[in-house]
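A.B. asks: Please read through the structure below; I'll follow up with questions.
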Amino acid sequence: VQLQASGGGLVQAGGSLRLSCVASGGTFVGYGMGWFRQVPGKEREFVGTISWNGATTSYADSVKGRFAISRDNTDFTVSLEMYSLKPEDTAVYYCAATRYGVAPTMNLVDYDYWGQGTLVTVSS
C-alpha cells in the first residue's frame, strides 16, 4: 500500500486546513488509519486514528475538539480537518495504515505503511 499525503501549507493561527491521504496499490478498506506529526528534533507523535469503517476515531488530547478525521473507502482517502490551529501545531504531518483496523492504536510501531509527510506551518 502506498500512501500520498497532501494539503499542507502556511496558515495563520486560528485558521483551518484540510489534509488528505490517498491510498493506492493494495487493500485499503480493512486498515485502520492514523495521523502523526513531527517537529524537527523531536519524536513523531500521535495525532489521531480512525477505524477501518470510520465508526471509531480517537485523538490526542492536544488536538481533541479541534481536529477531525474521516475516511471514504470508495475512493481510498482519509482526511484530517484541522480547526483553530495554533503555532504549536506546526509540524510535518504523516498518514499511516495499520493492520489493526478495528481499534487502531497510537503506537508508531503498529503501523505498516507510511506516507511521505506534508508540512503544516501555523504563523502567530
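All of the numbers you see were taken from the coordinates with simple rules; none came from a lab. Model, not experiment: these values are computed from the prediction. Note: ideal-geometry Cβ built from the backbone for every residue, glycine included; neighbour counts use all protein chains shown.
A.B. asks: What order, most packed first, do the peptides 55-62, 33-40, 82-89 have when packing is the mean number of other Cβ atoms within 10 Å of each residue?
C.D. replies: Ranked from most to least packed, the peptides come out as 33-40, 82-89, 55-62.
A.B. asks: Mind checking which of Gly65, Gly30, Gly41 has the largest fluctuation in a GNM of the chain, springs on alpha carbons under 10 Å?
C.D. replies: Gly41
A.B. asks: Calculate one ³J(HN,Hα) per residue across the stretch 48-56 by plugging θ = phi - 60° into the Karplus curve 6.51 cos²θ - 1.76 cosθ + 1.60, and present them in order as whole Hz with x for glycine and proline.
C.D. replies: Per residue, the Karplus-derived 3J(HN,Hα) values read x, 9, 9, 6, 4, 9, x, 6, 10 Hz.
A.B. asks: With the crude spin-label approximation of a point 7 Å out along Cα→Cβ, what separation in nm comes out for Gln116 versus Arg99?
C.D. replies: 2.7 nm
A.B. asks: Please list, in chain and number order, the residues 5+ apart from Arg99 or on another chain whose amide H is under 5 Å from its amide H, with Hs placed from the backbone.
C.D. replies: Those qualifying (amide H under 5 Å, at least 5 residues apart or on another chain) are Asp112.
A.B. asks: On to the next question. List the residues, sorted by chain then number, that are 5 or more residues from Asn73 or on another chain and whose placed amide H is less than 5 Å from its amide H.
C.D. replies: none
A.B. asks: Let me ask something else about it. In square nanometres, what is one fourth of the surface area of the convex hull spanned by the alpha carbons of the chain? Could you put the intermediate results ahead of the total?
C.D. replies: Values: hull surface 26.7 nm².
In nm², the orientation-averaged hull projection of the chain is 6.7.
A.B. asks: From the phi of every residue in the stretch 78-95, what ³J(HN,Hα) in whole Hz does the Karplus formula 6.51 cos²θ - 1.76 cosθ + 1.60 yield, where θ is phi - 60° and glycine or proline is x?
C.D. replies: For the stretch 78-95, the Karplus-derived couplings read 10, 10, 10, 8, 10, 10, 6, 5, 10, x, 6, 7, 4, 4, 8, 9, 10, 9 Hz, x marking Gly and Pro.
A.B. asks: Here's something else I'd like to know. Each residue of the stretch 98-110 in order: what ³J(HN,Hα) in whole Hz does its phi give by Karplus 6.51 cos²θ - 1.76 cosθ + 1.60, θ = phi - 60°, with x for Gly and Pro?
C.D. replies: Along the stretch 98-110, the couplings run 10, 5, 7, x, 6, 9, x, 9, 9, 8, 4, 5, 7 Hz.
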